[in-house]
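J.: This is the structure, below, for whatever I ask next.
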Amino acid sequence: EPVVSLAEVLAENEELEKEARAVLGGSDHERCSYSQGAVKRQALYACSTCTPPGAEPAGICLACSYECHGTHRLFELYTKRNFRCDCGNSKFKNLQCKLLPEKGKVNPGNKYNDNFYGLYCICKRPYPDPEDEIPDEMIQCIVCEDWFHGRHLGAVPPESGDFHEMVCQACMKRCHFLWAYAPQLAGKEIPPLTKASSLEDEGIVLKVEESEEQKKEIKKEAGVEHHDTKEEKQLEQFNEPSTSSGSACTEVKLLNTLILFQVVTKSEELICKLKELQSKPFVKKDTATFWPSSWRSKLCTCEDCLKMYSELEVQFLTDECDTVLAYENKGTSDQETERRDPLMDTLNSMNRVQQVELICEYNDLKTELTDYLRRFADEGTVVKREDIQHFFEEFQSRKRRRTNRMQYYCS
């Protein structure tokens, strides 16, 4: 049998806990999110017991999945944007929310798809699919938020997985303007933007006239003597001390850079990036696209483009905080603690014999707990606090019976 050390087990558990914090960390497991309105992004579930196929689709928050649907069959939807908890509203015929009984009949701002019936991708199959023997990764589209098999995207995902977000085929057709950005951004690393190159591309030439102080400084560097003026002394006192005689020249360069930046920023606001890209040849394909990190910041935010985003209902594309990664990072940072693992501290304080005994007990506990939880996974039900308490009571009872039967001999 393979040998696994306790340290490896704890490391694996820590990784699993980290993943759980990422998905659930931004959601409250005790209070229903309905009072917050349409939450920007939260973990959601669909209950097939209360809303089976044929009924209206509905989504419930994390807290309601525990409190109101603990014994029901649930579909995990991962996260959805701008969603308000449906638990107990008119879509649930025989159930009232235990956490917030007074709710509106419907949430008109919510959007639903086949995910709420446990079906995904263009093939409309469940996940995991017991009839699908092909190993494949499911990838979420950032626009429609449906999940797709990698082989059903019309394009092969980058082998290294080196992409940040994906837009599916259907959403690329609806948001066809993204094809103009695709040759520059999709599937590529985004180079840092240099303001100087932007000016050259736009044909802007700046001429900055020298002030009297700048002219005097230039003469000084050329060896021409002059007397310091009162303004020059005040300037030297205002700025950080410098050991070089070119400090004023540095100030001139900084001033020129500031003016340059202001002009570039103003020119970029006046010019539509999208129209500039659309003037160049690009190809529209019937495939999904894969985008690197920070690609959203490269989208045009001129008045016309913002109006277009609104009409297509994709205003979130210009919001970097809308990404799943931003949600996961928030969940991880909110719940991350600096305390040490108490089990590791206890293990390090023991001698060799005690460590072996603890490892044996831990393995017994892990095996029995895994078998116990597998029943809940097979039935698709939520594990509640009472279930865990019952397990440990039974475990302690079995442990006492084993201990009482042990016999000790002296040699």
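The values are calculated or read from the model by the stated rules, or taken from the named source; none is laboratory data. All figures in this text were calculated on a predicted structure; none of them were measured in a lab. Cβ sites come from the backbone with ideal geometry, for glycine too, and all protein chains shown count toward neighbours. The protein model used for the area step is the full one, side chains on, heavy atoms only, and it has no ligands, DNA or RNA in it. Shrake-Rupley method; radii C 1.70, N 1.55, O 1.52, S 1.80 Å.
J.: Quick one: in segment 103-115, of everything that is of a type in the set (D, E, K, R) and closer than 19 Å to C168 by Cβ, which residue is most open to solvent (accessible area, probe 1.4 Å)?
T.: By that ranking, first place goes to K111.
J.: Please indicate, with yes or no, whether at least one residue in segment 30-48 is surrounded by 13 or more Cβ atoms within 10 Å (Cβ to Cβ), free of Cβ contacts under 8 Å to residues at least 40 places away in the same chain and assigned to a loop (DSSP other than H, G, I, E, B).
T.: No: segment 30-48 contains no residue that is surrounded by 13 or more Cβ atoms within 10 Å (Cβ to Cβ), free of Cβ contacts under 8 Å to residues at least 40 places away in the same chain and assigned to a loop (DSSP other than H, G, I, E, B).
J.: Go through L24, L16 for me and flag whichever is surrounded by fewer than 16 Cβ atoms within 10 Å (Cβ to Cβ), under 25 Å from K384 (Cβ atoms) and hydrophobic (A, V, I, L, M, F, W, C).
T.: Values: L24 fails: surrounded by fewer than 16 Cβ atoms within 10 Å (Cβ to Cβ).
It is L16.
J.: Mind listing whichever residues of segment 24-64 are in contact with a strand residue (DSSP E or B) (Cβ under 6 Å, 6 or more places away or on another chain) and either of a type in the set (D, E, K, R) or modelled with pLDDT under 90 (or both)?
T.: Across segment 24-64, the qualifying residues are L24, S27, R41.
J.: Which condition number in (1) in contact with a strand residue (DSSP E or B) (Cβ under 9 Å, 6 or more places away or on another chain); (2) assigned to a loop (DSSP other than H, G, I, E, B); (3) without any contact (Cβ under 8 Å) to a residue 40 or more places away in the chain is the one that L95 fails?
T.: For L95, the exception is condition (3).
J.: Can you tell me which residues in segment 70-86 are in contact (Cβ under 8 Å) with a residue 40 or more places away in the chain and within 25 Å of the chain's Cα centre (by Cα)? I'd like the intermediate steps shown before the answer.
T.: Residues of segment 70-86 in contact (Cβ under 8 Å) with a residue 40 or more places away in the chain: 70-75, 78-85.
Matches in segment 70-86: L74, F75, Y78, T79, K80, R81, N82, F83, R84, C85.
J.: Further question: Go through segment 61-78 and count every residue that is buried (at least 19 other Cβ atoms within 10 Å of the Cβ) and closer than 19 Å to P126 by Cβ.
T.: Looking only at that region, the number is 5.
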